[in-house]
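What follows is a single structure, written as structure tokens, with notes after it.
The numbers here are math on the coordinates, done by the rules we state, and not lab data. Worth saying up front: this structure is predicted, and the values here are computed from it rather than measured. Glycine gets a Cβ as well: all are built from the backbone with ideal geometry, and neighbour counts include every protein chain shown.
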Amino acid sequence: MTAVLERRYRRLMRSYPQTWLDERGEELIGTLIEISEPGQQWPKLREASSLVLSGVRVRSGVDRLESPGRAWRDSIRPALVLVLALQIVMQVWLTVLSFADLDGAPVTWRLLVMPAVTCALAGGAALALLAARLRLGVALALLTPLPAVLPPFNYTWDTYFVFMVVVWWLPVIGLAVPLLRQQSAPGPWRWQLALPLLSLASLLLPLSGLYLVALVALVLLLAACLVWGIVIDPRPAIALGLLLLVTIPQLLVSVSALVLVVPAFTLVGGVLLTAGAVRAAHRNPA
Amino acid sequence: MEGRPEMREPTYYLLATLLDGPLHGHGIIKRAEEISNGRVRLAAGTLYAALDRLTREGLIAPAREETVNGRLRQYYELTPSGTAALNTEAHRMAKAARLVISRRTTSSASTFPAPRPAMRYA
């Protein structure tokens with residue numbers, strides 16, 4: 001009987017990282033068997049959920065956040081990477097839309113090279129941030145909007161270009177200043193980008209005509225990010241919430257954006273940040 | 001202990017279980033339930049997350065190990081910092097309790113609500 005229960009508990013304990021199991025696994029399984037009732041074959045729901053959640057929390061590193069402020073500081077670098085990823089998604093969209101506007105006319109090099117250079121700068125900046133080359137990442141991020149407004153890609157000048165550059169630099173500088181002033185965050189932080197990046201990737205689905213699939217995927221991924229932020233780790237929710245809020249200035253270009261997109265970004269961003277803040281304040285279940 | 005945030009109830013009872021000496025995981029769960037009159041029921045996953053955190057914070061420390069029926073038992077004990085943190089929290093709560101109880105002599109006892117039911121920490 002005990003062997004069966006132990007096997008089932010050990011399966012649930014796979015949610016913990018192997019290093020933790022090597023150190024504490026036998027002690028935990030001993031306690032679980034000791035608190036079980038005679039003849040018990042299945043883990044109780046309460047114990048099972050506690051094991052899985054605790055294991056995932058150890059994997060995420062949230063158990064090592066010493067303060068709510070640490071959760072916010074840890075979210076800045078992912079937020080900046082997400083700002084850059086969103087820029088790449090927007091460039092893909094703009095390129096595809098400009099192809100549609102050609103109406104049979106030949107594709108010019110300028111049409112392809114400008115977004116390619118912008119994406120290369122944004123991608124390079126994101127990779128530099130991922131590799132903890134923070135100054136290089138920030139420098140490349142600041143250069144990202146320039147191909148759109150400078151020769152050889154653009155020889156005309158418009159005050160709109162100033163607006164474009166400023167609304168890009170504002171969030172980048174706003175995130176970069178606290179990022180460069182703090183010590184590099186320890187722990188496994190890159191995984192925090194998985195759900196927010198998938199949410200951004202779902203914005204590309206409409207390009208293949210899958211509008212409903214894109215909407216459902218986006219809603220589900222945002223919900224997953226919110227639930228993850230409430231139950232496990234606040235940092236992905238805070239990073240995505242920061243992205244949505246700092247992107248708002250870039251949306252102030254049309255009435256439709258003001259009426260629909262800005263309120264949506266504000267609402268979703270605010271909800272994600274609130275969920276993250278609550279979880280950060282109550283990051284330890286006991 | 002100045003500047004330490006307010007201690008949560010499960011942490012308070014967990015530390016309080018170790019006042020009489022070192023205990024292992026199962027012992028802590030049972031003792032916490034006893035001394036809290038069933039209010040604090042710690043799930044094992046939650047307990048070990050708390051033990052890891054309190055060890056990192058220096059409030060508890062591994063005391064000794066033993067093997068019973070082929071299974072490892074790790075005992076934990078309060079550190080001086082843990083004892084001080086527990087005392088600080090106890091005095092804070094006693095002060096807060098006195099604030100209310102001292103007025104009870106001039107108020108009707110019926111105005112005081114019933115105690116909250118047991119809490120489970122999963």
Isotropic mean projected area of the C-alpha convex hull, region A:104-246 (nm²): 10.9 nm²
Please report, for the Cα atoms of region A:1-77, the Rg to one decimal and the Dmax as a whole number; what are they, in angstrom? 15.1, 50
Tell me, what ³J(HN,Hα) does each residue in region B:39-49 have, in order and in whole Hz, if you take phi through Karplus 6.51 cos²θ - 1.76 cosθ + 1.60 with θ = phi - 60° and put x for Gly and Pro? 5, 10, 10, 8, 6, 4, x, 5, 4, 5, 4
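For A:Asp22, A:Asp103, which order do you get if you count the other beta carbons within 10 Å of each Cβ and list the fewest first?
Values: A:Asp22 10, A:Asp103 6.
Listed from fewest to most nearby Cβ atoms, that is A:Asp103, A:Asp22.
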Looking at chain A as a GNM with Cα springs under 10 Å, which of A:Thr274, A:Thr159, A:Thr118 has the largest mean-square fluctuation? A:Thr159
Suppose R0 equals 22 Å. What FRET efficiency, 1/(1 + (r/R0)^6) with r the Cβ-Cβ distance, do A:Arg190 and A:Trp93 give to the nearest 0.05? 0.30
Scattering curve values for region B:43-107, log₁₀ I(q)/I(0), Debye with Cα scatterers, q = 0.29 Å⁻¹: -1.15
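For A:Ser67, B:Ser102, A:Ser60, what ranking results if the residue with the fewest other Cβ atoms within 10 Å of its Cβ goes first? Present the calculation step by step, with values, prior to reporting the outcome.
Values: A:Ser67 12, B:Ser102 9, A:Ser60 22.
Listed from fewest to most nearby Cβ atoms, that is B:Ser102, A:Ser67, A:Ser60.
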Based on the alpha-carbon gyration tensor of region A:32-86 and its eigenvalue square roots a ≥ b ≥ c, which shape applies: rounded if a/c is under 1.5, prolate if not and a/b is larger than b/c, or oblate? prolate
For the protein assembly as shown, percent of DSSP beta bridges that are antiparallel (nearest 5) comes out at 75 percent
Can you work out the PRE-style zone for A:Arg10? Point 7 Å along Cα to Cβ, and I want the residues of region A:25-66 with backbone N under 15 Å. A:25-33
Given the C-alpha centroids of region A:47-82 and region A:97-132, what is the distance between them in whole angstrom? 34 Å
Checking A:Val162, A:Val246, A:Val227 against a Gaussian network model of chain A (alpha-carbon springs below 10 Å), the top fluctuating residue turns out to be A:Val162
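Taking every pair of Cα atoms in region B:30-76, average 1/r, invert it to obtain the Kirkwood radius, and report Rg/Rh to two decimals.
Looking at region B:30-76, the ratio lands at 1.02.
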Chain A, relative contact order in percent, only Cα pairs under 8 angstrom and at least six apart counted: 21 percent
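As a test of the definition: which semi-axes, in Å, follow for the protein assembly as shown when you take the square root of five times each eigenvalue of its alpha carbon gyration tensor? Largest first, please. Don't jump to the answer; show the numbers that get you there.
Numbers: eigenvalues 524, 123, 82 Å².
Equivalent ellipsoid of the protein assembly as shown: 51, 25, 20 Å, largest first.
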Across all directions of projection, what mean area in square nanometres is found for the Cα convex hull of region A:69-116? 3.7 nm²
Rounded to whole Hz, the Karplus (6.51, -1.76, 1.60) HN-Hα couplings of region A:66-82, x for glycine and proline: 7, 7, x, x, 4, 4, 5, 5, 5, 8, 5, 5, x, 5, 5, 4, 5
Please compute the net charge surrounding A:Leu129, taking Lys and Arg as +1 and Asp and Glu as -1 over other residues with Cβ under 12 Å from its Cβ. +4
Hz values of 3J(HN,Hα) by residue in region A:130-143 - Karplus curve (6.51, -1.76, 1.60), Gly and Pro given as x: 4, 8, 6, 8, 5, 5, 4, x, 5, 4, 5, 5, 5, 7
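Mind jotting down a quarter of the surface of the convex hull over the alpha carbons of region A:1-146, in square nanometres, one decimal? Let's see the in-between values first.
Working: hull surface 57.4 nm².
That works out to 14.4 nm², a quarter of the Cα hull's surface.
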